[in-house]
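Here's the structure, in structure tokens; my notes come after.
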Amino acid sequence: MADDAIDFVLPLGGHEPARLARVSQAEEELRGLLVASLGGSAVDYRRFLERLGSHLRAYYKGKLVRSGRTDTEAEDLVQETLMVIHTRRHTYDVTQPVTPWVHAIARYKLIDHLRQTRATAANVPVEDAGVLLAHGDHVAAESSLDVARLLAHLPAKMRSAIQSTKVDGLSTAEAAARSGMSETAVKVSVHRGLKALAKLVGGTAR
Amino acid sequence: MKTDDLIGFLGSSFEREPVRTSWMTRRLGLAVAVGAACALFLALAVLGVRPGLMQGRPLLFLAFKLAFAAAVGGLAIRYLVRVASPGGESRVHLGIAALPFVAVAALAGASLTTVPREHWHGQISGHSWLECLVSIPLIAIVPFALVTWAVRRFGAPTDLIRAGALVGLAAGAVSALGYSLHCMDDTVPFVAVWYGGTIALCTLAGAVLGPRLLRW
């Protein structure tokens with residue numbers, strides 16, 4: 001029975017029976033959930049996203065930590081990938097296994113992310129599809145989207161000053177050039193903005 | 001934002017409608033069809049139909065050109081639909097997509113052996129090779145833009161070079177379809193070199209532009 005299940009998962013060559021069994025189990029489970037979801041089951045869809053989220057987390061953490069990146073970045077990618085899987089779920093062909101489909105998306109988003117953040121894809125090994133489903137990780141770090149949500153509460157000037165200097169990592173001079181404000185104005189905005197942010201965070205903590 | 005919140009959000013925005021890949025296939029097919037209609041319109045409006053198109057030899061060659069373009073376009077759509085899905089590139093065989101080119105090149109070679117060498121030049125360059133060289137890629141721009149939009153909107157290609165190449169191939173094919181109504185040259189080597197060459201050029205342009213245009 002286990003052999004049949006292993007054969008079902010396509011692109012693996014095998015010296016790791018335990019991992020293979022885990023992968024094929026995950027494949028069958030995810031496939032069942034996704035097929036049910038596409039047929040209209042919202043409950044299965046939620047479960048599908050949860051399972052997939054944990055696989056994606058393990059995958060992205062594994063890839064990014066090796067090249068010295070943070071958990072937050074991995075979590076951003078998990079969310080980005082879940083979102084595109086949601087909006088492009090019609091591209092899944094129900095006659096095909098789900099692993100290669102999910103892996104192709106996860107890998108595409110990883111490479112796209114690395115390219116955008118100016119690292120070379122060569123730094124991060126990109127492997128076969130089975131790797132994605134071999135592990136799960138349920139410890140979710142919060143993504144940086146939280147910062148974006150908090151920033152949205154600030155006035156435009158403070159928001160752009162903090163965005164430039166603290167999130168995008170520009171120098172004060174670069175931020176001034178980008179926003180058209182003077183350097184002093186940028187510094188003042190950052191200072192005030194950070195104070196306002198601290199208040200907001202304190203407020204939400206209470 | 002916590003990932004659990006996102007999942008909750010995505011789960012609640014889930015529509016209870018079955019979705020299938022056939023939906024995307026139809027959209028992409030429609031985009032190519034509309035692109036073909038645009039190419040036909042452009043060719044007719046700007047270049048006009050060739051006089052005497054419905055007579056013996058011109059009609060025979062029109063059928064030949066249309067068959068070539070349709071074969072290329074058909075294979076392009078077949079693989080475009082696959083490459084538009086994540087991981088679908090593994091089920092794309094560009095070698096098979098090149099078969100119509102090989103077949104026409106073989107026919108051209110065979111037909112050249114039947115004429116003396118000094119006529120080869122005339123057989124290949126015909127009356128209007130330059131017009132063909134310019135027209136097919138220019139007419140292909142509109143279908144190319146349309147199909148590119150459709151792939152971005154409805155698909156999720158993960159091999160953007162191949163996806164771009166196939167968009168270019170489809171656009172070149174429907175452009176050749178339109179241009180064939182105007183084309184004045186009735187030799188097999190002409191079709192092989194100038195139709196085949198310009199469609200290949202469109203494919204190459206698509207492969208180069210794909211990574212920029214098809215990102216999602």
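What's the whole-number percent of alpha carbon pairs in segment B:1-158 lying beyond 25 angstrom? Distances greater than 25 Å cover 50 percent of the Cα pairs. Against the main long axis of the alpha-carbon atoms of chain B, helix B:99-113 sits at an angle near 10°. Computed extension gain for B:Leu204 through B:Trp129, at 0.36 nm per residue and net of the alpha carbon distance, reaches 25.0 nm. Phi-derived couplings, Karplus 6.51 cos²θ - 1.76 cosθ + 1.60 at θ = phi - 60°, listed residue by residue for segment A:78-88: 4, 5, 4, 5, 4, 5, 6, 5, 5, 6, 10 Hz, with x used for Gly and Pro. Counts of other chain beta carbons within 10 angstrom of each beta carbon in peptide A:76-87 average 3.
Give the peptides A:22-30, B:68-76, B:56-64, B:4-12 in descending order of average Cβ contacts within 10 Å, highest first. It would help to have the intermediate numbers written out before the result.
Values: A:22-30: 20.0, B:68-76: 22.3, B:56-64: 13.7, B:4-12: 15.8.
Top of the packing list down: B:68-76, A:22-30, B:4-12, B:56-64.
Rounded to the nearest 0.05, the FRET efficiency derived from the C-beta distance between A:Arg66 and A:Ala18 at R0 = 25 Å is 0.70. Shown is the FRET efficiency for B:Val102 and B:Arg152, computed with R0 = 35 Å from the Cβ-Cβ distance and rounded to the nearest 0.05: 0.65.
For chain B, averaging the sequence separation of C-alpha pairs within contact (under 8 Å, six or more residues apart) and dividing by the residue count gives a relative contact order of 33 percent. A cut-off under 13 angstrom between Cβ atoms defines the neighbours of A:Val94, and their net charge, with Lys, Arg +1 and Asp, Glu -1, is +2. Taking the C-alpha atoms only, the angle from helix B:196-213 to the longest principal axis of chain B is near 20 degrees. The label point for B:Leu60 and the one for B:Leu94, both projected 7 Å from the Cα toward the Cβ, are 3.6 nm apart. Principal-axis analysis of the Cα atoms of chain B puts helix B:3-12 at an angle of about 70° to the longest axis.
Taken together, the values in this text are just the output of simple stated rules run on the coordinates, not laboratory data. On a predicted model such as this, the values are computed, not experimentally measured, just so you know. All Cβ positions, even for glycine, are placed from backbone atoms using ideal geometry, and neighbour counts span all protein chains on display.
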